[in-house]
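Note sheet for the following structure.
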Amino acid sequence: MRVLHIIPSIGPQRGGMSRAALDMCRLLAAAGIDVTLATTDDDGPNGRLNVPLNQLKNEGYRTIYFSRQTRAYSISAPLLGWVNAHVHEFDVCHLHGVFSFASDLPAQAARRARVPYVITPHGILCNYGMTQRRSLLKRWFVKTLVGPNLQQASLVHFTTEMERRESSGWAAIRRSEIVPYCLDLQMATPRTTSNHLQVDQAFKLLFLARIDPKKGLDLLFRALAQLQRDNVLVRLTIAGSGEANYVTTLKTLAAELGIAEQIVWAGFADETRKQELFGEADAFVLSSYSENFGIAPVEAMAAGLPVIITDQAAVSGAMAAADAAIVTPCDVDALAAAIRQLRASPATQALLSQVGVQLARDYFSSSATVARWLKIYGQW
């Protein structure tokens, strides 16, 4: 079976969507699917990837990069020309994202070639994404281009029920499936012990994500300030990158709250460094206002870290159902209480570590998700 994946960017700075697509392509190829990935040379705030253009590159699956003409909407005329010429050679076309030239127009090309196509919106159709930036323009796109693409798709793929529910409020969707992201968790080394902290020892929290307003770092900073006033020692490591102006705004906020010395800005973490950070932390925290899934907390669970997560991160539903994490509202007092509770209880840390590792293996394992995709692709 030949499957064409198309995504606007796989640049490391682009965050979860790029990571999810790359893991999926690699794992599907390992399972015997003939995978080709078409993308652009976009690398987000870093500009462009240093990659050969317009030629197939074998990485266990084939990747072909095309020049991006504009950063906004990832316009790439060479990519669309190649898709128009070659999409008929594939059994399935899998499109990642919406509101992008590199995913919206190839859907039309797939329809013209009568090739079944799947759309994975990656949370872009959730309430937060639809209302925070260019809301009116997005609604217009839904009426004119994105909506028809979704209605005529062979399948729209969501990673959680929350994402499907919110997305269905913005666009009519004929057929959908919920499948967690295909994540390669093989590097994870689950912990077997909990931390018994002395009163004068800092509880080491890890936040690992793209630095963006929706990630709720302002909530987390205020929770840390509250804990500091109560003489609860916490150190926060922030691993990730974001727009320079926003990072400066956060650093200013930390200074105003008097917690700047409690925060370590670790920058972008590659896979090796990510595992090191998991090993150094006592717990993982994700304070998002909105998250269609949440890759990093699943990785943290697989590494045996106790997880604190807000209920607006859609993956929190599966975690709450399994009692595998502390799930809180997007509220400063609730976040502070969760951190205080976890720091004070080595038994809770050990239990969350054990249950989290099991949930990562049973529900989020690549073997389970890849099997689902083999079945889905095989029906056309």
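No lab work stands behind these numbers, since they all come straight from the coordinates. Since we're looking at a predicted model, the values are computed, not measured. Using ideal geometry, Cβ is built from the backbone for each residue, glycine included, and neighbour counts are taken over all protein chains shown.
Some observations on this one:
- The phi torsions of region 287-295, fed into the Karplus equation with coefficients 6.51, -1.76 and 1.60 and a -60° offset, translate into couplings of 10, 5, 6, 7, 7, 5, 9, x, 5 Hz, rounded to whole numbers, with Gly and Pro shown as x.
- On Cα atoms only, tilt of 244-257 relative to the major axis of the chain in degrees: 20 degrees
- Rounded to the nearest 20 debye, the dipole size of region 203-362 about its Cα centre is 200 debye, using +1 on the Cβ of Lys and Arg and -1 on the Cβ of Asp and Glu.
- Taking the centroid of alpha carbons for each part, region 1-52 and region 345-367 are 29 Å apart.
- Legend: distances between Cα atoms for Lys214/Lys251; Lys138/Lys251; Lys143/Lys214; Lys143/Lys375; Lys215/Lys251; pairs beyond 20 Å are Lys138/Lys251; Lys143/Lys214; Lys143/Lys375.
- DSSP bridge pairs, the chain: antiparallel proportion in percent, nearest 5: 10 percent
- In percent, rounded to a whole number, the relative contact order of region 203-362 is 25, using alpha-carbon pairs under 8 Å and six or more apart.
- Chain lengthening between Lys143 and Glu280 when straightened (0.36 nm per residue, less Cα-Cα): 44.5 nm
- The chain - charge dipole about Cα centre, Lys and Arg +1 at Cβ, Asp and Glu -1, debye rounded to 20: 1100 debye
- Computed from Cα atoms, the angle from the helix 366-377 axis to the main principal axis of the chain rounds to 20 degrees.
- Entry note, the chain: relative contact order of 14 percent, from Cα contacts under 8 Å with a spacing of 6+ residues.
- Each helix, a run of at least 4 DSSP H residues, gives -39500 (n - 2.57); summed and divided by the residues of the chain, these come to -12000 deg cm²/dmol at 222 nm.
- Here, P(r) means the percent of Cα pairs in each 20 Å bin from 0 to the largest distance; for the chain it is 28, 57, 15, 0.
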